[in-house]
1. Among (1) closer than 22 Å to Leu244 by Cα; (2) charged (D, E, K, R); (3) open to solvent by less than 50 Å² (accessible area, probe 1.4 Å), where does Asp218 come up short?
2. Residue check, Ser212 against (1) surrounded by 23 or more Cβ atoms within 10 Å (Cβ to Cβ); (2) over 25 Å from Lys86 (Cβ atoms), all met but one. Which one?
3. From the list Pro252, Pro208, Pro289, pick out the single residue that is closer than 23 Å to His19 by Cα and either within 16 Å of the ligand (Cβ to nearest atom) or touching a residue at least 40 places away in the same chain (Cβ under 8 Å) (or both).
4. Against the definition (assigned by TED's automatic domain parsing to the domain that holds Val77, modelled with pLDDT under 95 and more than 30 Å from Arg18 (Cβ to Cβ)), how does Leu134 come out, yes or no?
5. Can you tell me which residue is nearest to Gly395 (Cα to Cα) among those in the range 279-301 that are open to solvent by 50 Å² or more (accessible area, probe 1.4 Å) and not in a helix (DSSP H, G or I)?
6. Do you know which of the residues in the range 255-265 that are touching a residue at least 60 places away in the same chain (Cβ under 8 Å) and open to solvent by 20 Å² or more (accessible area, probe 1.4 Å) is farthest from the ligand (Cβ to nearest atom)?
7. If we keep just the residues of the range 211-248 that are within 16 Å of the ligand (Cβ to nearest atom) and among the acidic types (Asp, Glu), which is nearest to Ala112 (Cα to Cα)?
8. Restricting to the range 32-47, and then to whatever is touching a strand residue (DSSP E or B) at 6+ places or on another chain (Cβ under 9 Å) and open to solvent by 10 Å² or more (accessible area, probe 1.4 Å), can you tell me which residue is nearest to Leu270 (Cα to Cα)?
Amino acid sequence: MADEGLVENFHGLSASERHFADPIVFWDETLRDGEQTPGVHFTPEEKLRVAEVLSEMGISVINAGIPVVSEEEAEAVRRVASAGLKARILAAARTVAGDVDAVIRSGATHIAIFVAASNVHLRYKLKMSQDEVLAASTRCVRQAKDAGLHVAFVTEDTVRAPFDFVERLYLAVKAEGADRLVISDTVGIMTPLTFRWYLREFHRRVAPTDWSVHCHNDFGLATANALTALEEGVTSPHVCVNGLGERAGNTPLEELVLGLEQLYGIRTGLDLSRLYELSRLVEELSGVPVSPTKAVVGYNAFSHEAGIHTHGILAHTLTYEPVQPEVVGRQRRMILGKHTGKAALVEKLKERGLALPDPVLMDLLQRLKTTAEHRSKAELEAFLREYRELFEQPGISNEQFWKLVDELGLGARVA
Ligand code: MN
């Protein structure tokens, strides 16, 4: 590339001191954890459309859902599993024989068997002892292995569980034949430093060969934590398109992949040029709008308005863009507004072949700024009002819910 040498980069430093897995096995959770985003529901057709793009881009493992959830969910998993996609299709199960059976019947080749591990989950949610959790886990891993499935074993809330129990549990399922061990930061409380310590300790105690991390974004650290995990040799990060998922969501696929490629110089083998198309598809089907300032796929990620910035970009894009928008299938936008400078205006006027003398140019610039400063916000305000109404109560509305109750004739009963 002709631009080489224009900026310092840190690829050498970040990549050489670490031991990244090769290949990195991307495990997409958009259709499972992503669908658990409040108010989100994908039809089987929609799941298939997303899975097709993920697979074409080079994603290795796609979690299509939890077949035991509903008849439609089982149908969705069957549709995705039988579509002949290049990606491996995974379905999830609790440590319950019937759940594992439902995955076996779905046609998925991969299963994720999950159970909670921390004391707070065992005591208040599962009401199971550690020994009971361990027995159910090994039993279900054996059941899935006997059916010929590739088995990932997942604990929820791994990082808040007693380490001695985690060690005992994972060693037991490993001995039972579990192929991939998944560590979850279910409530997103790790930082890169604490996660690094955790993963090294896990590696010392359990010696996994194929291991995954499931990071949540409650403190905005999911991408940083997933990158840390990959630095530590974790083979298979969980990701969600647009960072969908429970609460503040999961590690955004687009951020993790672009970070690996651009900050570490790692070739992921994924087709990055389809990241934006994928993001837009999932935005439409999930109905969850992407924030304008969202990294990589937000409207403003490659937009420039401020005079100093547009001047720099017009002279050379490396001044204010760490990566070219085309890399992720996007285009740069130059926004005219209050902060516009002369350089952007000169460039804009070229669209009509206009080259104005300086005084005229400065007059136009002044008018443009004044217009921008007095632009009505009414349209945006109306849009935001509607947006807030929709998102303050997603899912089934109160009205719909009480109608369901009334239809059962339950309105007259008193507790
Ligand atoms: Mn999760």
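1. Single failed check for Asp218: (3).
2. If we test Ser212 against (1) surrounded by 23 or more Cβ atoms within 10 Å (Cβ to Cβ); (2) over 25 Å from Lys86 (Cβ atoms), just (2) comes out false.
3. The match here is Pro252.
4. It is false that Leu134 is assigned by TED's automatic domain parsing to the domain that holds Val77, modelled with pLDDT under 95 and more than 30 Å from Arg18 (Cβ to Cβ).
5. Ranking the candidates gives Pro289 first.
6. Once the filter is applied, the top-ranked residue is Gly265.
7. Ranking the qualifying residues of the range 211-248, first place goes to Glu246.
8. Here the residue is Arg32.
The values are calculated or read from the model by the stated rules, or taken from the named source; none is laboratory data. Predicted model, so just to flag it, every value in this text is computed and none were measured. Every residue, glycine among them, receives a Cβ derived from its backbone with ideal geometry; neighbour counts consider all protein chains shown. Heads up: the accessible areas ignore ligands, DNA and RNA and are worked out on the full protein's heavy atoms, side chains in. Shrake-Rupley method; radii C 1.70, N 1.55, O 1.52, S 1.80 Å.
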